[in-house]
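I have placed the structure first, in the form of C-alpha cells, so that the comments after it can refer back to it.
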Amino acid sequence: MNELERDSFNNQRLPKGFVIGVLVICITPFLLNIGGVDFGNRQTPDLEGVNNGLSGAKAIDASFYRLSGAFSHTILEWSAFMTAAFTAILAFIHFHINRDVTTPVVCMALFCAGCVDAFHTLAADRLIDAVADNTNLIPFTWAISRVFNALIMITGISILLTKKRDEKVDVERDLVFVGFISTFFILLAYSIIHICAVSETLPITMFPDALITRPWDMGPLILFCFAGFYLFPKFNKKQPGIFSHALIISMFPEIVTELHMAFGSKVLFDNHFNVAHFLKIFAYAVPFCGLMFDYIKTYREKAESEKKTGAIVDSSLNAIITIDKSGRIDLFNPAAEGMFGYKQDEVSMRNIKMLMPEPYKSKHDKYLENYLTTHTRKIIGMGIEVVAQRKDGTTFPIWLSVTEMYVNKEHQFLATIVDITKRKKADEDLRLFRNLIDRSSDCIFVIDPDSGRFTDVNSEATLSLGYEKDELLKMKVKDVALAMESEKDWKYFVEDIREKQQSIVEGLHQRKDGTSFQVEMNVKWIEEGGKSYIVAAARNVTERKKAQEVIVLAREKAEESNRLKSEFLNTMSHELRTPLTVMLGNIPLLCDPQDLPDAEEIGEIANDIEYSGKHLLVLINDLLDLSKIEAGKMDLAYEEVGISNFLKSIVEEMKSYTKERHKDIAFVLDIADFEVVADPMRLKQIFFNLLSNAVKFTDNGEITVFAESMSDRAMFYIKDTGCGIKKEYLPGIFEPFKQVDGSSTRKAGGTGLGLAITKKIVEMHRGTISVDSEEGMGSTFCFYIPINGIKEA
Amino acid sequence: MKEIILLVEDDASIRKLLKRRLEKKGYEIYEAVNGEEGVSIAFRVKPILILLDMHMPVLDGYGAARKLRSGGYEGKVVALTASAMVEDKKQALNAGCDFFIPKPIGRDFETTLEGYLKEVHHV
C-alpha cells in the first residue's frame, strides 16, 4: 500500500489511539480482577436485620445498602441507554449533512436496543409494572435485550449490505427507507417488551453452579463474534468509513461483556455482572465516537476543500467573477481586482455592467433576462471576445467565458476573463505585416520542398498568374513554372537551393489563360520551427528583358552600321585607287623618251589613261551625290514634267549610247501621256541610271520603257532582256558597292553607286523602287512616285 | 629562259598595265582573274614571283596566299592592294605574303620587285 492509499485508509478508520484505548478499557477490569480487585456489590444478607430492630435513618441506610446493587445497575444501564439515545440523535444530524443512509439505520437499531435495555432497567427497578418477580425478570430481560441487540444490529447491517449502491443520492427515498426500517425495529422492540411485561413466568437464565453461568448469553456472544469478525468487516469493505469501522470496534466491548456474563456472573450485581454492564456502555459509546470522528473528518475535509478552492481562485491569473441572476457581483478574485482596478468591496453586490462600456452596458440586463427566460445559450458555455472597462474608464479587449452553476440552491453565473490586449496587438501586427507582404509588388510564394506545393501566396501572385488564391494553394510549382515539368527537375532544384541557401533564378511562368511571361526570382531556403520552406519572390521581367533586347538590338545595329560604314569606306578607297593605279601605272611607260612603246601601244595607253580618268570623275561625282543626299543637302526643284516628251528624249540619247557600245538593242516605249510633279534633273538621273544599266547588261535584245499614271501615283519600269541578276545579289542591289563584283561592274563602266543614288532620289520623291530579275532572262526595275509631288501636310 | 611572274588581279586594265611594264623588263607574264585561278596556274607554271591583288571574287588574295603556302609554293608573293592600313598589311603577311605594295604603284615598281627577288629568305 503506497503513501496515498495509506493516508486515505487511515482516514476511514478510527484513530489508532482510540482503538487501543477501547481495547485497554475492555481488558483492564479482567486484569484488575486477577489483581484482586472486586467490583461486585455487597450481598444483602440481613434481610431480617431490616425487619428486626433497625429503625429510622439506620433502617433507611440499611435499605440503601441492600439496594446498592440495584442502584449501580440502574446507573450503568441508564448511561448505556442515554449513550444510545445521543448516538441516534447525532446520527440523524449526521444524515442531514452526509446523506449516508447507513448511519441512521444502524443508530436506529442501536436506539431500539437501547430502549429494550431501558425497559430492562425500569422493570428491574419496578418503575414499570411487570408480573414476574425480579430474580428471574432481571436476568431474563438482560438476556433478551442482549439477544435483541445482537440480532437487530446484524439485521440492520445485513439490510444495508443487500441494498444496491445507488449513484444518485435520493433524499426522499432514503428518508422513507430509514423511516420504514426504524418503524420495523421499534415495533419489534415494543413487542418484545410487551411480552416480557405481561408474562407471569419467565425462563430461568442464571445457573450459578455451571461453568456457563448464563447460557442465554452464549447466543449473543456467538452473534457478536459473527458480527465482529465477519459481517461488520464485510460491510466495512463495501462501505469503508469511520463509522463502519467503529461498528467493528464496538463489537469488542460487546464480546467481552458477554464473556464476563456468560462465564463470570453467578449472582446479581456481582463483580462480573457490574463489569459487563460497565463495558456495555462502551459498546454504545464507540459508534457514538465513530460519528464524532466522522464529523470531525468531514468538517476538516470541507475546510481543506474550501481552502484549496479559495487558493485556486485567489492565485488564478485569469479574472474570476461570479454574479447572481440579477447580475450582482459576488466573487471578485485578486486577478479581477488587478485587471479592472477595483477592490473587492468596491464591486461587491454592484451590477456587473459597471465593468462594461457601451453598448454592452445597456444591453446586459436584457441578455441576462433573455437567458433566464428562454434558456437559449448565446454565450453561456462558450467564449467570446468583448470589450471591458476599467475603473479609470479605459477600455480593453477581453476573452470572456461564462458558465452557470448552482451553489447552495442559488443560481449563479461564473465568468472567467482573460485580458487579450497583448494578444490582439500581436494579431494586429501580424495582420498588418501580412497585408504589407500581401500587397507587395513582388509575387511571393511559400513552397513545401517535399511536394512542391504552394503553401502560401500573396495577392500579387494571384493577380500576376490569374488564379484565385485557393486555386493556387492546391497547385504545385510545376503547374506554373514551365521549366519544372518532371519530379526530377524539382528534386534537383530543391537540392540546389538547399545547398546554396539562396539563389537568383530565371524562368518562365504560365498564367491560367495559357500565356506566359518571363520572371526573375529570388529563391531562399528557410528553416523555421523545425520545418523547411522554400520562399520565392518573383518579378515579371518581361518588360526589362524586352528593354534589354532593344538595347542589344540597337547595339548590334550600331555595330552593323559601323561595319557597313567601314566596308563602304574600304570599298570606296579601293574603287578610287583602282583607276588611279591605271593612270599612274601607265604614265611611267611614256616617261623615257629613249624607250617609248610603239605608236599603237602609245595610243592604247593614252586611251586607258583617259578612260580611267573619266571613270574616276564619274565615281567622284557619284560619291558626292550620295554624300549630298545623305547629308540632306540635295534639294529637289519640283516642276511639272510632261512624261511623254521627257522619256522620248531620254530614250533617244540612250540609243546613241547603245550604238557607241556596238550593241543591238531595240527600245520599246509604252508610255502614257501625263504630267508628274518631280525634279526633272533628278528624274532624268534615275532614268539614265536604269537605262544605262539595262544597256550594260544586255548584249542584244529589247529594253522596254513603261510609264502610267494611277490615281495618286505614277508607275514606271525599265525592263531588259539581258543577263539578269543572280538571286543572291538581289537583296543588296540598291546598296552602294554591294553588287555583282567590282571588276565586272567596272568592266561594264559602272561605279557601283548608281542604283544606290537612284533609290535615294526615288525615296526623296516619297516613292518606292523594286527589282525583279531572273538569271539569263533579264531584269525589271520598277518605281512609283506620287503624281503631285509631296503634298502639303 | 625568261623568269615567270604571275599576275593575280581581277581588274583588266590594271592587269594590262602591269603586263606592259613587266614584259618590258623581260619577264614572262601569266595572268589570273581570281585567287582560285591564280593558285592553280601558280602550281602549273611555277613563277618566281606572284603579284597578288587582295580583293577579288571567288577567292580573295588572303585565301590564295594561304593556299599557295600550304601547297608548298616557295616563290615570292607580293600583295598588291588598294588598302594602305596597317591591319591589312599584317593580315597579308600573316596569310603568307612576303611583301606588300600599296596601289597606285609608282615609277620604282620594277626596281622594288627586283629587290624582292634578290632577297634570299622570306620576311
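The values are calculated or read from the model by the stated rules, or taken from the named source; none is laboratory data. As the structure is a computational prediction, the values presented were derived from the model and not from experiment. Here the Cβ positions follow ideal geometry from the backbone for every residue, glycine too, while neighbour counts run over all protein chains shown.
One table, with the values for the structure above:
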item	result
Pick from segment B:18-50, criterion within 12 Å of chain A (Cβ to nearest Cβ) and under 21 Å from B:Glu119 (Cα atoms), ranking: farthest from the chain's Cα centre (by Cα)	B:Lys25
Of residues in segment A:551-570 being over 60 Å from the mean Cα position of the chain (by Cα) and hydrophobic (A, V, I, L, M, F, W, C), the one nearest to the other protein chains (Cβ to nearest Cβ)	A:Leu569
Exclusive hit being farther than 18 Å from A:Tyr190 by Cβ, surrounded by fewer than 24 Cβ atoms within 10 Å (Cβ to Cβ) and over 60 Å from the mean Cα position of the chain (by Cα), set A:Arg126, A:Arg99	A:Arg126
Test: A:Asn700 is out of contact with any helix residue (DSSP H, G or I) (no Cβ under 9 Å at 6 or more places or on another chain) and more than 20 Å from A:Glu640 (Cβ to Cβ)	yes
Verdict on A:Thr745 being modelled with pLDDT under 90, out of contact with any Phe, Trp or Tyr (no Cβ under 7 Å at 6 or more places or on another chain) and in a loop (DSSP other than H, G, I, E, B)	no
Total residues in segment A:683-706, condition out of contact with any Leu (no Cβ under 9 Å at 6 or more places or on another chain), in a helix (DSSP H, G or I) and not aliphatic (A, V, I, L, M)	5
Helices (runs of 4 or more DSSP H) contained entirely in segment A:207-301, each with at least 3 residues that are among the aliphatic types (A, V, I, L, M)	A:218-226, A:242-259
Which numbered condition B:Asp108 fails, given (1) out of contact with any Cys (no Cβ under 7 Å at 6 or more places or on another chain); (2) surrounded by 15 or more Cβ atoms within 10 Å (Cβ to Cβ); (3) modelled with pLDDT of 90 or more	(2)
Selected residue (only one of A:Lys238, A:Lys266 is modelled with pLDDT under 85 and closer than 18 Å to A:Leu161 by Cα)	A:Lys238
Residue match in segment A:625-645 (condition: in a helix (DSSP H, G or I), out of contact with any Pro (no Cβ under 6 Å at 6 or more places or on another chain), away from chain B (no Cβ under 14 Å) and among the aromatic types (Phe, Trp, Tyr))	no
A:Gly778 vs. criteria over 28 Å from B:Val8 (Cα atoms), more than 14 Å from every other protein chain (Cβ to nearest Cβ) and surrounded by 18 or more Cβ atoms within 10 Å (Cβ to Cβ)	yes
Qualifying position, being outside any strand (DSSP E or B), closer than 23 Å to A:Lys378 by Cβ, free of Cβ contacts under 8 Å to residues at least 12 places away in the same chain and not hydroxyl-bearing (Ser, Thr, Tyr), among A:Lys353, A:Lys363, A:Lys307	A:Lys363
Test: residue in segment B:90-100 that is closer than 25 Å to A:Phe737 by Cα, polar (S, T, N, Q) and within 9 Å of another protein chain (Cβ to nearest Cβ)	no
Unique match (being small (Gly, Ala, Ser) and closer than 23 Å to A:Asn271 by Cα) among A:Ala109, A:Ala88, A:Ala143	A:Ala143
Enumeration of residues in segment A:373-401 that are surrounded by 11 or more Cβ atoms within 10 Å (Cβ to Cβ), part of a loop (DSSP other than H, G, I, E, B) and in contact with a Gly (Cβ under 9 Å, 6 or more places away or on another chain)	A:Arg390, A:Lys391
Positions within segment A:571-594 being hydroxyl-bearing (Ser, Thr, Tyr) and facing chain B (nearest Cβ under 7 Å), in sequence order	A:Ser573, A:Thr578, A:Thr581
Which numbered condition A:Lys614 fails, given (1) crowded, with 17+ Cβ neighbours inside 10 Å; (2) over 20 Å from B:Arg21 (Cβ atoms); (3) within 14 Å of another protein chain (Cβ to nearest Cβ)	(1)
Test for A:Lys474: is it of a type in the set (D, E, K, R) and within 30 Å of A:Leu331 (Cβ to Cβ)	no
Unmet requirement for A:Pro597, which otherwise passes all of (1) more than 14 Å from every other protein chain (Cβ to nearest Cβ); (2) outside any helix (DSSP H, G or I)	(1)
Test: A:Leu368 is outside any strand (DSSP E or B) and either modelled with pLDDT of 90 or more or more than 14 Å from A:Ile323 (Cβ to Cβ) (or both)	no
Among the candidates B:Ala79, B:Ala12, residue that is among the small types (Gly, Ala, Ser), closer than 28 Å to A:Glu604 by Cβ and within 11 Å of the chain's Cα centre (by Cα)	B:Ala79
Leading residue by the ranking (surrounded by the most Cβ atoms within 10 Å (Cβ to Cβ)) among those in segment A:31-58 that are modelled with pLDDT under 60 and of a type in the set (A, V, I, L, M)	A:Val50
Test set (1) touching a His at 6+ places or on another chain (Cβ under 8 Å); (2) hydroxyl-bearing (Ser, Thr, Tyr); (3) within 25 Å of B:Lys25 (Cα to Cα) - B:Thr111 fails condition number	(1)
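Conditions tested, residue by residue: (1) within 60 Å of the chain's Cα centre (by Cα); (2) buried (at least 23 other Cβ atoms within 10 Å of the Cβ).
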| position | (1), (2) |
| --- | --- |
| A:Glu258 | no, yes |
| A:Phe263 | no, no |
| A:Lys266 | no, no |
| A:Asn274 | no, no |
| A:Ile281 | no, no |
| A:Gly290 | yes, yes |
| A:Arg300 | yes, no |
